[in-house]
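First comes the structure, then the notes that go with it.
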Amino acid sequence: SQRVVIIGAGIVGTNLADELVSRGWSDITVVEQGPLHMPGGSTSHAPGLVFQTSPSKTMTHLARYTVEKLLSIEKDGHKCFNQVGGLEVATTPARLEDLKRKHGYASSWGIDARLVSAEECFKMYPHLNNEMVLGGLHIPTDGLALAARATQLLIERTSEAGVRYLGHTPVTGIERDGRRITGVTTPSGTIPADIVVSCAGFWGVELGAMVGVDIPLLPLAHQYAKTTAVPALAGRDINSLPNGMNASLPILRHQDKRLYYREHGGQYGIGYYGHRPMPVVASSLGLTPKDVDEQNMPSRLEFTTEDFDPAWKESQTLLPALQDTEIADGFNGVFSFTPDGGPLLGQPSHLDGFYVAEAVWVTHSAGVARALAQILTTGRSEIDVSECELSRFEEVQLNRDYVTETGQQNFVEIYDIIHPLQQRASPRNLRVSPFYARQRELGAVFFETGGWERPWWYEENKDLVKSLPPSWKPVDRDAWSAQLHSPISAAEAWKTRNAAAMFDMTAFHRFEVSGPGAVGLLQRLTTSDITTKPGTVTYTLLLNDHGKIRGDIFVLRLEDDVFQIGANTATDLAYLTREARVQEQRIPGKWIQVRDITGSTCCIGLWGPRARDVIAGISTVDVSNKGLPYFSLKKAVLAGIPVTMIRKSYVGELGWEIQTSAENGQRLWDTIYQAGKQHGLIAGGRSAFNSMRLEKGYRTYGADMTTEHNPFEAGVSYAVDANKKDDFVGKAALQRLSSQAPLRRLRALTVDDGRSMILGKEPVFYNGKAAGYVTTAAFGYTIGKPIAYAWLPGGVSEGETVEIEYFGKRIKATVETESLYDPEMNRLSQ
Ligand code: FAD
């Protein structure tokens, strides 16, 4: 067991101590600046509403485990979870529709949920204004976490198991020897440690600064108030509830007005997200007082009544019983928001032994703690936590301005109805490719990812829609799937399949891995033999020790010791960087350099049956099938511009990714665009690209497959070299897995009626039962039907019918044989 110091005795820190000690780790110290009986962080005043269901499978499963765990913590009849159920009500038709979508998420992620009529809402919640409510969503397993009590019981039980707690002990520094963490500094001396985990809640920024790590969280104040006793609640025998459970009404959400409610004995508690965002700097709050109490703690700021006025009016309208009450007590409580609303879990790549588990709600606390404990003890969390990874942010997303603006947006939008493709209006134009000016001239509609502006379609191509052949004419869409969509994408796909199109591939991550240790590193981390000759391209997987997929990458061998990696995320960069460092320490002299070259380079995907004609006009380079076969690359010169031509295609057509350094980018774009005009070349956007990707069945890491899946289930075992002699991460586990029939599989579905759209994450029913969920979906313009990829039980066969639930309607779909387009790969190997 390693020496662990956990900073912070809130609901996250204490759960982590518990999860570690229950896995046999013994040398654990929890250091808390406040008094242990009430540390004074966000947990100390948390009203503890747990609504489990969200669009994210990960977050829903972290919440589900938290409920299970809190239900199991009990002492002397004192429970830590009051399973009163959760009710979300709709007062607008749009919300009523949204609740159907949410019901779908619950079915996808295995949470029991029911759409209920307005009458049922009143039965469950008699105080509701019956002129307002249109219907609701009821989740019986939701409820109230008694977070402060759970924290105390966890302190008690882990202390008995040997965990050491130090209250009134602020951590003032983190000590290290080079990159290795060695301990924490406190006023009473140093506490040595091999692993330090910051569970410091909204103080995370300050803790990160002690080791030079930018923590992208923003502390914000959020208003919570209690009413005076509600006459309508009087006389109920609340004391008949199990000890300390002072609520029997379901927890309630009124998201149309950004409000939520719980019962506190005879009083109501009201939480409000409709007020102006109120950012806080944790270090300005001063020291935690010696005696924290309900009224006096750093996370509790003065109530600003004027900000709450609209909430009070709306609450009295929704719950007329509140008209007989007043606000008895209110406060502006502080907790953390992040740029994408997710928690922060993991370690920075440049340090060994420093972890964070921050920006975590009570709702997900035990789930996050278990995930981290599993990572520390076994190297892998059973729930995929990629979307919580600390390293998921791009450099441009880590600065304070970005975090402050996006954190506030997430506060404001927390209860909004969000379309899966919704784009933020600001901050924008942070990262643009060298083609940006030209793309604007062509009327590009830009979507943003990781700070990059990426064309989704081009208005310039609008007129092409009229000339589409009948079988390509786009079908009408329902109002939801028609949002942030243009039929122009159909025309762009048509041109790619029948002439040629150029796609901006700049935003895809490109890393250079070089040096005498590079071959050894990539040979050890990937499932393929990458000792092939320079000039080859390999699609391969990164696995963990359990044989589960942690990424899929392209390895381009440029020279003996120089590779380029095409990767998915900033987390891939952090992983390669860390592994390179660890390997260098083990094998001195075999240094490795890992460099992110995404921004200093740019890339155009030129694809389509006429792609070779386009190139012939600007270069004499041999790009014949023999001169540059599929999955190979070569350096070339196009109209005087030095480029690397990489023979690969996401869309399943002849062509290349053509890469050059950033300063040559605009000239490269102009050259190809001009040369291509006579061959019908157009610029194409990501929307058409996505459709063609799905027609080919190329998986998107993070959506179609994650660390919960192995290559056999995910249908990517072709990327595992069964004859690879060298050992690689996950090899032993793969050998075991290869002999087992997959219990579930990622399958291609097409929609039978040829028109009903699906957008992703919908539940899939097999023999009438929810049996899986959609990962990604798009209209397949070439095959003339919507396509969905979905996880389904292993026994489901090709040709069978399943049903996809979309806004409460069941859509029939057929399980297909892959690929849906050009399965023999004839188009690619011409
Ligand atoms: P904390 O409880 O803040 O614990 C962090 C601890 O670290 C603190 O005790 C602090 O003293 C300690 N610490 C910090 N720096 C140092 C240092 N240098 N040295 C030593 N110790 C240090 N979530 C829900 O799920 N449901 C809800 O209904 C809900 N309602 C909320 C309502 C309000 C008004 C607010 C403000 C938050 C609400 N939340 C809710 C959010 C939830 O309360 C927090 O996300 C959660 O409690 C965070 O737990 P934590 O353990 O990470 O942080």
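Structure data summary
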quantity	calculated
Surface accessible to a 1.4 Å probe, S467 within the full protein complex, Å²	70
Whether the stretch 663-756 is rounded, prolate or oblate, judged on the alpha carbon gyration tensor where a/c under 1.5 counts as rounded	oblate
Residues A479 and K626, FRET efficiency given R0 of 45 Å [Cβ-Cβ distance, rounded to 0.05]	0.30
Heavy-atom surface of the stretch 559-697, accessible at 1.4 Å and reported per residue (Å²)	36
Accessible-area ranking of Y273, Y821, largest first, probe 1.4 Å	Y821, Y273
Cα gyration tensor of the chain - equivalent ellipsoid semi-axes, whole Å, descending	47, 33, 24
Using alpha-carbon coordinates, inclination of helix 11-21 to the longest axis of the chain, degrees	80
The chain - mean residue ellipticity at 222 nm from DSSP helices (-39,500 (n - 2.57) per run, n ≥ 4, rounded to 500)	-7000 deg cm²/dmol
Estimated FRET transfer efficiency when R0 is 35 angstrom, pair D753-E441 (beta carbons, to 0.05)	0.35
Euclidean distance of C-alpha centroids, the stretch 485-554 and the stretch 291-333, integer Å	53
Ranked order, W669, W591 - accessible area, probe 1.4 Å, largest first	W591, W669
Label zone at N129 (point 7 Å along Cα-to-Cβ), backbone N below 18 Å, the stretch 299-317	308-317
Length released on extending from K809 to D309, taking residue separation times 0.36 nm less the Cα-Cα span	176.0 nm
Using alpha-carbon coordinates, inclination of helix 93-109 to the longest axis of the chain, degrees	80
Sequence-distant residues sharing a close amide H with A444 (under 5 Å, placed H)	E459
Radius 12 Å from Cβ of T186, net charge of other residues (Lys, Arg +1; Asp, Glu -1)	-2
Residue-normalised accessible area of the stretch 247-376, expressed per residue, 1.4 Å probe, Å²	34
Residue-by-residue Karplus 3J(HN,Hα) for the stretch 795-801, coefficients 6.51, -1.76, 1.60, Hz, glycine and proline x	x, 5, 9, 4, x, 6, 9
Residues with amide H under 5 Å from that of G772, placed H, sequence gap 5 or more	V764
Solvent-accessible ranking of D822, D596, largest area first, probe 1.4 Å	D596, D822
The stretch 1-76 - accessible surface per residue (Å², probe 1.4 Å)	29
Global form of the stretch 384-525, assessed from the alpha-carbon gyration tensor, a/c cut-off 1.5	oblate
Carbon/sulfur fraction of accessible area - the chain, other protein chains in place, 1.4 Å, %	50
Label-point gap, in nm, between T92 and Q2 - each point 7 angstrom along Cα→Cβ	4.8
Packing-based ranking, highest mean first, of 604-613, 768-777 given that Cβ atoms within 10 Å are counted	604-613, 768-777
Accessible-area value, H168, 1.4 Å probe, nucleic acids and ligands omitted, Å²	80
Helix 57-72 vs. the chain, principal-axis angle (Cα, 0 to 90°, nearest 10)	30
All aspartates and glutamates inside 13 Å of K100 as judged from Cα atoms, apart from same-chain residues fewer than 8 positions distant	E88, E762, E805
Cα gyration tensor category, rounded, prolate or oblate, for the stretch 518-574 with a/c compared to 1.5	prolate
Nitroxide proxy distance, nm - points 7 Å out along Cα→Cβ at A234 and S661	8.1
Solvent-accessible surface (1.4 angstrom probe) belonging to H275, in square angstrom, nearest 10	10
Sites S22 and D76 - FRET efficiency at Förster radius 30 Å, r taken between beta-carbons, to 0.05	0.90
The chain: relative contact order as a whole-number percent, Cα under 8 Å and 6+ apart	12
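The values are calculated or read from the model by the stated rules, or taken from the named source; none is laboratory data. Being a predicted model, the structure only gives us computed values, none of them experimental. Every residue, glycine as well, gets a Cβ built from its backbone with ideal geometry; the counts of neighbours run over all protein chains shown. Calculation scope for accessible area: heavy atoms of the full protein, side chains included, ligands and nucleic acids excluded. Shrake-Rupley method; radii C 1.70, N 1.55, O 1.52, S 1.80 Å.
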